1. Considering each of A:Val108, A:Val71 in turn, give the residue that is among the hydrophobic types (A, V, I, L, M, F, W, C), closer than 27 Å to B:Ile32 by Cα and at pLDDT below 65.
2. Which ones in region A:143-175 are of a type in the set (Val, Ile, Thr) and more than 11 Å from every other protein chain (Cβ to nearest Cβ)?
3. Can you find a residue in region A:193-202 that is surrounded by fewer than 16 Cβ atoms within 10 Å (Cβ to Cβ), of a type in the set (A, V, I, L, M), within 14 Å of chain B (Cβ to nearest Cβ) and in contact with a helix residue (DSSP H, G or I) (Cβ under 9 Å, 6 or more places away or on another chain)?
4. Please go through region B:1-18 and give me each residue that is at the interface with chain A (Cβ under 8 Å from one of its Cβ atoms) and surrounded by fewer than 22 Cβ atoms within 10 Å (Cβ to Cβ), ordered by number.
5. Could you check region B:3-53 and list, in sequence order, the residues that are among the hydroxyl-bearing types (Ser, Thr, Tyr) and within 23 Å of B:Lys120 (Cβ to Cβ)?
6. Any residue that is under 26 Å from B:Phe118 (Cα atoms), more than 7 Å from chain B (Cβ to nearest Cβ) and among the basic types (Lys, Arg) - is there at least one of those in region A:83-90?
7. Please tell me if A:Lys246 is farther than 22 Å from A:Leu218 by Cα and not assigned by TED's automatic domain parsing to the domain that holds A:Ala219.
8. When you check A:Val224 against the structure, is it in a strand (DSSP E or B), in contact with an Asp or Glu (Cβ under 7 Å, 6 or more places away or on another chain) and within 14 Å of chain B (Cβ to nearest Cβ), yes or no?
Amino acid sequence: MTNKNIYTSFDLEDFIENEHFRNWVLHEDHNANIFWEKFQQENPEKTNLVKEAQSVLLSLHHHFDTEIKEVSKDQARSSFQEVASKMEKRPRDKSKRIWLKWMAAAAVLVGIGFFSKALFNNDILLKTYASGNGERLALELPDGSKVELNANSELQIEPDHWNDLDTREVWLQGEAFFEVNRKSKGTKFIVHAGDMDVAVLGTQFNVRSRGEKAEVVLAEGKIVLELNDQNIEMEPGDFVSYSKIKNKVEAKKVKVADYTAWKDGMIVLNNTLSEICKELEIVYGTNFVIEDEELKKRQIQLSVQAGNLEVILKTLKLLYPDEINIDHKENQVIISKLVSKY
Amino acid sequence: MTNKVRFEKIYLDYYPMLLVYGKTITKDIPLIEDTIQELFLSFWQKEEDLDAKESLENYLIVSLRNNLIRKRKKTDFRELNFDVKDEIGLEQDPRALKIQDLIKQLPNHQKEILFLRFYKNKSYSEISETLDISYQVARNFSHRAIKFIKKNMKKLPSVLMF
């Protein structure tokens, strides 16, 4: 049981990478079971972490397991039927020549293997651009397209897939404004944003993929959204939001500037206080608590310069000097109703 | 030499797993379907003794992958069709359900590593060989995926509750 000491310093990733831990979670190994129950009893402060790691590991396993089980026996059988019918038509090749051909192919593959290994070793397979709290980043992609990344967002590309003929692909978590260059060869540009794929040739638009919802606002040109089985063609000024979990598509006309104001360092607040606080939470990575139900629903309209959170909070306070109290301590902002003195 | 009955059995056993694995490489399901069929047909034609393969599963995974990567390039824009998958059993822990939604949001190459590492229980050196990438890159992909899940699961209301 000397290993126990090591485990107390484990983080979530260490746990799920640990074979002993995996055996317990995935294979319900009896000895491991005794060990990990005991570990949790003796280290109660680790119980949450163990449960989280368990949850992540089970989810990973379950995710693929469910997908595999969803492939029905009938589907497999009908696929094999197609193979079987072709098997009749393609007699087995008895000649030795085919082996020579395959040996040549294998030699070429080995060559490709060496080449790609050399490339991959430079770690350029995937490039990540990330912005932190309250930070905005202006990027230029290999094709010259421009991207502005809003706070707490991440954009990934595969740099070796940006040749002239390749479909240009980016993966977005968070919010970004794209100015996509049109390519003469007409290759597409795809933004993978959560459950939504945005396909374009060349245009300007804003994509936001935070949590379960993905939203797109089109500023210029034309784009096609591909959602499950429906395609939505967007015109400038169109806003589309999509939630796969709720299977809900919302489309409306909006003022594009409201959705792209963040680019110019503006935060346009035109919502309930509780929605606004959610937005500020995302941008500044600060936790917001509103201690009054009525305040949460309060509709607020205001444009403020992004930057210092303190300034924004002061502006908010100025709106309702006699009604609200804002308490900002480190990573927490508490908004409460000012108790009347009378 | 593998006879037809045995050949069919192998096909039916591995088809679902290969289809799901293929989806981490391309979203073009008809292409994956074609490629699996072609793969087995070529085994059949070449009279490959599948039973004699030391690790048949690994052999199938690597062959499917190489073929898909080669064909995927040619098919240009077919990447767009994305998998229609939703509903998960209700008997499940709601927390697990949310984490699964996060997994679905990951880029494909990260999903692929997660599949091999946490579903197929392969080591990073095996994975780096299968995918022909360095050990460190394999680890990085996995690390990034776990980091994404970890970061976002903290935001899930149900996780904050305990």
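1. Numbers: A:Val71 fails: at pLDDT below 65.
So the residue among A:Val108, A:Val71 that is among the hydrophobic types (A, V, I, L, M, F, W, C), closer than 27 Å to B:Ile32 by Cα and at pLDDT below 65 is A:Val108.
2. Within region A:143-175, the subset of a type in the set (Val, Ile, Thr) is A:147, A:157, A:167, A:170.
Scanning region A:143-175 gives a single hit, A:Val147.
3. Going through region A:193-202, the residues surrounded by fewer than 16 Cβ atoms within 10 Å (Cβ to Cβ) turn out to be none.
No, because not a single residue in region A:193-202 is surrounded by fewer than 16 Cβ atoms within 10 Å (Cβ to Cβ), of a type in the set (A, V, I, L, M), within 14 Å of chain B (Cβ to nearest Cβ) and in contact with a helix residue (DSSP H, G or I) (Cβ under 9 Å, 6 or more places away or on another chain).
4. Taking region B:1-18 and keeping what is at the interface with chain A (Cβ under 8 Å from one of its Cβ atoms), we get B:4, B:8, B:11-12, B:15-17.
Of everything in region B:1-18, those that are at the interface with chain A (Cβ under 8 Å from one of its Cβ atoms) and surrounded by fewer than 22 Cβ atoms within 10 Å (Cβ to Cβ) turn out to be B:Lys4, B:Glu8, B:Leu12, B:Pro16, B:Met17.
5. Going residue by residue through region B:3-53, those that are among the hydroxyl-bearing types (Ser, Thr, Tyr) are B:11, B:14-15, B:21, B:24, B:26, B:35, B:42.
Residues satisfying the conditions are B:Tyr11, B:Tyr14, B:Tyr15, B:Tyr21, B:Thr24, B:Thr26, B:Thr35.
6. Step one: list which residues in region A:83-90 are under 26 Å from B:Phe118 (Cα atoms), which gives none.
Within region A:83-90 (the criterion being under 26 Å from B:Phe118 (Cα atoms), more than 7 Å from chain B (Cβ to nearest Cβ) and among the basic types (Lys, Arg)), the answer is no, since none of the residues qualifies.
7. On the way: farther than 22 Å from A:Leu218 by Cα: yes; not assigned by TED's automatic domain parsing to the domain that holds A:Ala219: no.
It is false that A:Lys246 is farther than 22 Å from A:Leu218 by Cα and not assigned by TED's automatic domain parsing to the domain that holds A:Ala219.
8. Working: in a strand (DSSP E or B): yes; in contact with an Asp or Glu (Cβ under 7 Å, 6 or more places away or on another chain): yes; within 14 Å of chain B (Cβ to nearest Cβ): yes.
Yes; evaluated as a whole, the condition is true for this residue.
The values are calculated or read from the model by the stated rules, or taken from the named source; none is laboratory data. The structure presented is a predicted model; accordingly, all values stated were derived computationally and were not measured. Cβ atoms come from the backbone with ideal geometry, glycine included; neighbour counts cover every protein chain shown.
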